[in-house]
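Beneath this line is the structure, given in structure tokens, with notes to follow.
The values are calculated or read from the model by the stated rules, or taken from the named source; none is laboratory data. What you see is a predicted model, and the numbers here were worked out from it, not measured in a lab. Note that we place each Cβ from the backbone using ideal geometry, even for glycine, and neighbour counts take in every protein chain shown. With ligands, DNA and RNA removed, areas are computed over all heavy atoms of the protein, side chains included. Shrake-Rupley method; radii C 1.70, N 1.55, O 1.52, S 1.80 Å.
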Amino acid sequence: VARFVATLRSPARPGCIIGAMSSVLDLDRVSADDAQVGGKARNLAKLRAAGLPCPPGVVVPAAALKGDGWRAELEAACANLQAPLAVRSSASIEDLSSGAAPGLFDSILEVAPAAVVDAVESVAGSAHGDAVRSYCLLRNIDPQSVAMSVVIQEQVIDVLAAGPWSVVAVLDVDDQCR
């Protein structure tokens with residue numbers, strides 16, 4: 001486990017940055033205020049910059065997803081990541097202090113490098129679902145303004161898992177928590 005954590009805390013592995021990529025950004029190169037990548041990608045970049053355990057990865061910004069050049073760049077970047085991969089949403093309305101948008105967007109786990117382009121397209125397409133539209137309308141957000149970036153990371157495979165322990169609050173007739 002210590003070796004695993006040390007690997008996650010280490011700087012980007014040599015060769016992880018592909019030249020002067022413009023359509024695919026390494027998480028280690030994303031700044032804390034980078035508006036082009038969405039809340040999740042910014043927060044993951046902050047974790048990595050702080051040296052906390054966070055798998056290496058890349059992000060395809062929303063603007064890049066509208067073109068074609070990102071596909072080849074992504075395939076090259078993913079050659080430097082260890083499979084399986086996790087393909088995750090990083091929408092402009094997600095993981096913000098004003099709202100998290102939980103469960104609205106797709107994530108695809110256990111993605112093989114050969115399938116990463118299709119997975120990215122699927123996750124990006126989840127920005128146009130009915131649940132996203134309803135969430136936006138309830139919060140006075142124009143659904144067309146949602147920008148979807150997509151994060152691709154090495155997936156963490158659990159070695160040991162345990163069930164969560166929680167306390168459930170019970171309200172009595174006077175709405176007092178006991």
Q.
Yes or no: segment 81-99 includes at least one residue that is among the β-branched types (Val, Ile, Thr) and surrounded by fewer than 22 Cβ atoms within 10 Å (Cβ to Cβ).
A. no
Q: Return the total of residues in segment 48-67 being under 15 Å from residue 150 (Cβ atoms) and open to solvent by 50 Å² or more (accessible area, probe 1.4 Å).
A: 2
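Could you pull out the residue among 127, 91, 77 that is modelled with pLDDT under 95, touching a helix residue (DSSP H, G or I) at 6+ places or on another chain (Cβ under 8 Å), on the phi < 0 side of the Ramachandran plot and aliphatic (A, V, I, L, M)?
Values: 127 fails: touching a helix residue (DSSP H, G or I) at 6+ places or on another chain (Cβ under 8 Å); 77 fails: touching a helix residue (DSSP H, G or I) at 6+ places or on another chain (Cβ under 8 Å).
Answer to the selection: 91.
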